[in-house]
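Just below is one structure, and these are the notes that go with it.
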Amino acid sequence: MVAQIWAVQSSTFGGLGLFAMQDIPPDTVILEEPPMLKICDDDVHASHRSQYVCTAVNMLPSTIRAKFRQLHGADPTRSQAYQDGRILHLNAFGTAINGDVWSVVYETISRANHSCRPNAGLTHNRLVSSRYIAAGSEILINYLLDETLLYTPRQKELWECWNFRCACEACTDHITNNEKRLLMKRLQQHVVLGNRGTRSAAPILDEHIEKIETYIRLVREEGRVGTDIFLANLALFKIYLLKDTLDKAYEVLKSTQRLGEVWQMNWFAGEFAKYLSERIKSIG
Ligand SMILES: [Zn+2]
């Protein structure tokens with residue numbers, strides 16, 4: 001007998017989910033099962049739907065009925081008809097059979113949670129891996145019919161249809177990238193202010209230095225060099241001159257030399273010369 005490669009376990013998304021019990025290569029049939037309930041959507045008017053579903057569930061063998069009612073969506077404070085309708089809504093896959101649209105619920109496949117970057121999909125009662133799934137990872141499918149939706153419309157549809165805010169890998173990446181972009185925009189303000197060369201109180205200049213250094217680190221992390229780094233270094237350089245910390249200004253100049261941009265070096269040297277001549281004038 002082939003060992004079962006999946007298991008139902010607690011999911012980090014809340015509730016239960018399906019998990020890989022061993023490494024699963026792409027295009028592997030993870031499991032195949034017949035639906036436990038099929039409802040032809042065209043047969044039912046929306047206003048009678050819950051009652052219709054409840055009647056159908058009551059006709060199931062008792063063990064299957066119990067399994068259906070254990071799926072996500074049960075709410076003992078509501079009527080059985082409401083609960084059955086909601087369980088069907090939250091767990092069913094829409095599928096076309098002979099030109100009709102059917103809602104199909106599976107005992108195990110319906111436990112699979114959603115990801116906007118799924119690693120499996122459903123075809124003909126089979127859950128099939130679409131990517132490599134490492135042992136211990138959750139098996140995730142895409143609930144959305146349109147897989148090309150961007151972050152905002154995706155979240156809107158998931159909320160409206162399934163009542164959850166997606167925190168999948170793709171959505172988390174989106175938020176992290178967005179937050180990083182916003183942070184960098186805020187930090188860049190200090191580069192702009194530093195480049196104005198305005199004389200300010202020492203704590204303000206120190207804050208500019210700290211923020212600009214963070215900005216340079218983040219820009220470097222993104223692998224961006226060139227103008228962004230140059231402008232940030234120039235701002236630092238000007239601030240160090242304002243603070244009369246020539247050793248620090250010289251360090252910035254040297255770091256620019258390492259970047260190997262001759263024109264940038266000339267720019268700094270010009271600023272340095274301007275600074276020195278003003279200092280000499282003020283002393284004289
Ligand atoms: Zn998502």
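The values are calculated or read from the model by the stated rules, or taken from the named source; none is laboratory data. On a predicted model such as this, the values are computed, not experimentally measured, just so you know. Using ideal geometry, Cβ is built from the backbone for each residue, glycine included, and neighbour counts are taken over all protein chains shown. Note: accessible area is taken over every heavy atom of the protein model, side chains too, but ligands, DNA and RNA are not part of it. Shrake-Rupley method; radii C 1.70, N 1.55, O 1.52, S 1.80 Å.
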- Note on the structure: Exactly one of Leu140, Leu149, Leu144 is within 16 Å of the ligand (Cβ to nearest atom), on the phi < 0 side of the Ramachandran plot and part of a strand (DSSP E or B), and that residue is Leu140
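Quick grid of which residues meet (1) closer than 20 Å to Thr198 by Cβ; (2) open to solvent by 40 Å² or more (accessible area, probe 1.4 Å); (3) assigned by TED's automatic domain parsing to the domain that holds Thr176:
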{"residue": "Arg220", "(1), (2), (3)": "no, yes, yes"}
{"residue": "Asp228", "(1), (2), (3)": "no, yes, yes"}
{"residue": "Phe237", "(1), (2), (3)": "yes, no, yes"}
{"residue": "Tyr240", "(1), (2), (3)": "yes, no, yes"}
{"residue": "Val252", "(1), (2), (3)": "yes, no, yes"}
{"residue": "Thr256", "(1), (2), (3)": "no, no, yes"}
{"residue": "Met265", "(1), (2), (3)": "no, yes, yes"}
{"residue": "Glu271", "(1), (2), (3)": "yes, no, yes"}
- Over the stretch 162-205, the set of residues acidic (Asp, Glu) and open to solvent by 70 Å² or more (accessible area, probe 1.4 Å) is Glu169, Glu179
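Is it the case that Val29 is at pLDDT 95 or above and either exposed (fewer than 14 other Cβ atoms within 10 Å of the Cβ) or over 17 Å from Glu138 (Cβ atoms) (or both)?
yes
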- Item | Candidate set from the stretch 152-164 (those that are under 21 Å from Gly15 (Cα atoms) and either near the ligand (Cβ under 9 Å from one of its atoms) or small (Gly, Ala, Ser) (or both)); member that is farthest from the chain's Cα centre (by Cα) | Leu158
- Just give me the residues in the stretch 9-26 being surrounded by fewer than 16 Cβ atoms within 10 Å (Cβ to Cβ) and within 17 Å of Gly121 (Cα to Cα), in sequence order. Asp23, Pro25, Pro26
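Just need a number here: residues in the stretch 102-117 that are outside any loop (DSSP other than H, G, I, E, B), hydroxyl-bearing (Ser, Thr, Tyr) and either open to solvent by 30 Å² or more (accessible area, probe 1.4 Å) or within 16 Å of the ligand (Cβ to nearest atom) (or both). Don't jump to the end; show me each part of the working.
Residues of the stretch 102-117 that are outside any loop (DSSP other than H, G, I, E, B), as a first pass: 102-105, 109-111, 113-114.
Filter again for hydroxyl-bearing (Ser, Thr, Tyr), leaving 103, 110.
Retained after the next criterion (residues that are either open to solvent by 30 Å² or more (accessible area, probe 1.4 Å) or within 16 Å of the ligand (Cβ to nearest atom) (or both)): none.
Here the count works out to 0.
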- Item | Any helices (runs of 4 or more DSSP H) falling wholly within the stretch 1-95 and containing at least 3 residues that are within 29 Å of Asn119 (Cα to Cα) | 62-69, 80-91
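How about the stretch 118-130: which of its residues are away from the ligand (no atom under 11 Å from the Cβ) and either open to solvent by less than 60 Å² (accessible area, probe 1.4 Å) or modelled with pLDDT of 95 or more (or both)?
Asn119, Ala120, Gly121, Leu122, Asn125, Arg126, Leu127, Val128, Ser129, Ser130
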